[in-house]
Ligand code: PGA
């Protein structure tokens, strides 16, 4: 049985005051929801405040990136050890914005994934194709390449410790979400790839969908058999939207392994 996970990705938004206000609205509303898991991935400078606001709640703390190194002369870096020390449970690695804007390569993403696992964080590994790649029919090839970089470097055992988020680049922040069927097709492919790579319990793997998830489309996406929840960008900054998406995860049926 897979429990749904909804993780907010606040990206580089907000102030201390707005983050506090957002959590004051979200945390009590999520408290009664016991049948799904929740997290928020905040910007680094807000992690301390968010950690305090989430203390004792059913919402886990996450970060949006991590340095591949554990400590030392890496000015500006934030290590997995530091994130773990702050109480983070999750960290996003390989988000398409990191890949496109900051040049994170498949190899660097694999190193970041490994650093997260070394410090017992759960990496949320983002994969996904651009519009041009989808239109030229290479979606699976791209997703396989991104997964294989991590599998090759970290091995199947490390794979059991993470979450995969399928985020088609053309759906991120565009208002144009993948249809439930498009998401399902890639999620099924990802699960098969994890099984082929030697992940013993690919059936138990948590595979999130991200890209313009909102209250209005969450239930249909989460109803797909291989969609185990969502990584939510823009809508996670609006308390009512995020709470409604979390409620949709809570009410959607748990997937029972066949
Ligand atoms: P979006 O972003 O929900 O705003 O499309 C998702 C993400 O980038 O994780």
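The values are calculated or read from the model by the stated rules, or taken from the named source; none is laboratory data. On a predicted model such as this, the values are computed, not experimentally measured, just so you know. Here the Cβ is made from the backbone with ideal geometry for all residues, glycine too, and neighbour counts use every protein chain on show.
Output the number of residues of the stretch 20-33 satisfying the condition of being touching a helix residue (DSSP H, G or I) at 6+ places or on another chain (Cβ under 8 Å) and either closer than 22 Å to residue 208 by Cβ or not in a helix (DSSP H, G or I) (or both).
Count: 7.
Out of the stretch 195-232, which residues are modelled with pLDDT under 95 and crowded, with 18+ Cβ neighbours inside 10 Å?
Passing the criteria: 199, 202.
Given the condition part of a helix (DSSP H, G or I), under 15 Å from residue 232 (Cα atoms) and within 16 Å of the ligand (Cβ to nearest atom), answer yes or no: does some residue in the stretch 11-19 qualify?
no
For the stretch 20-59, which residues satisfy the criterion of being closer than 25 Å to residue 204 by Cβ and within 16 Å of the ligand (Cβ to nearest atom)?
38, 39, 40, 41, listed by residue number.
What's the number of the only condition in (1) in contact (Cβ under 8 Å) with a residue 60 or more places away in the chain; (2) buried (at least 17 other Cβ atoms within 10 Å of the Cβ); (3) closer than 28 Å to residue 157 by Cα that residue 63 fails to meet?
Of the numbered conditions (1) in contact (Cβ under 8 Å) with a residue 60 or more places away in the chain; (2) buried (at least 17 other Cβ atoms within 10 Å of the Cβ); (3) closer than 28 Å to residue 157 by Cα, the odd one out for residue 63 is (1).
Going by the structure shown, is residue 186 part of a helix (DSSP H, G or I), under 19 Å from the mean Cα position of the chain (by Cα) and under 30 Å from residue 244 (Cα atoms)?
yes
Working carefully through the options 78, 143, find the one that is touching a strand residue (DSSP E or B) at 6+ places or on another chain (Cβ under 9 Å) and within 16 Å of the ligand (Cβ to nearest atom).
None of the others qualify; the one that does is 143.
Pairs under 6 Å by beta carbon, first residue within 15 Å of residue 174 (Cβ to Cβ) in the stretch 204-223, partner away from the ligand (no atom under 12 Å from the Cβ) and in a helix (DSSP H, G or I), six or more apart or different chains?
209/183
I need the full set of residues from the stretch 244-256 which are buried (at least 20 other Cβ atoms within 10 Å of the Cβ) and out of contact with any strand residue (DSSP E or B) (no Cβ under 8 Å at 6 or more places or on another chain), in order please.
248
Within the stretch 34-63, how many residues turn out to be out of contact with any helix residue (DSSP H, G or I) (no Cβ under 8 Å at 6 or more places or on another chain), closer than 26 Å to residue 109 by Cβ and outside any helix (DSSP H, G or I)?
5
If you go through the stretch 189-235, how many residues are within 16 Å of the ligand (Cβ to nearest atom) and assigned to a loop (DSSP other than H, G, I, E, B)?
Adding up the residues that qualify gives 8.
For the stretch 121-138: of the residues being within 16 Å of the ligand (Cβ to nearest atom) and not in a strand (DSSP E or B), which is surrounded by the most Cβ atoms within 10 Å (Cβ to Cβ)?
Step by step, filter the stretch 121-138, then rank; the result is 128.
Residue by residue through the stretch 163-183, note down the ones that are assigned to a helix (DSSP H, G or I) and within 16 Å of the ligand (Cβ to nearest atom).
169, 170, 171, 180, 182, 183
Name every residue in the stretch 85-111 that is within 16 Å of the ligand (Cβ to nearest atom), farther than 19 Å from residue 173 by Cβ and part of a helix (DSSP H, G or I), in order of residue number.
109
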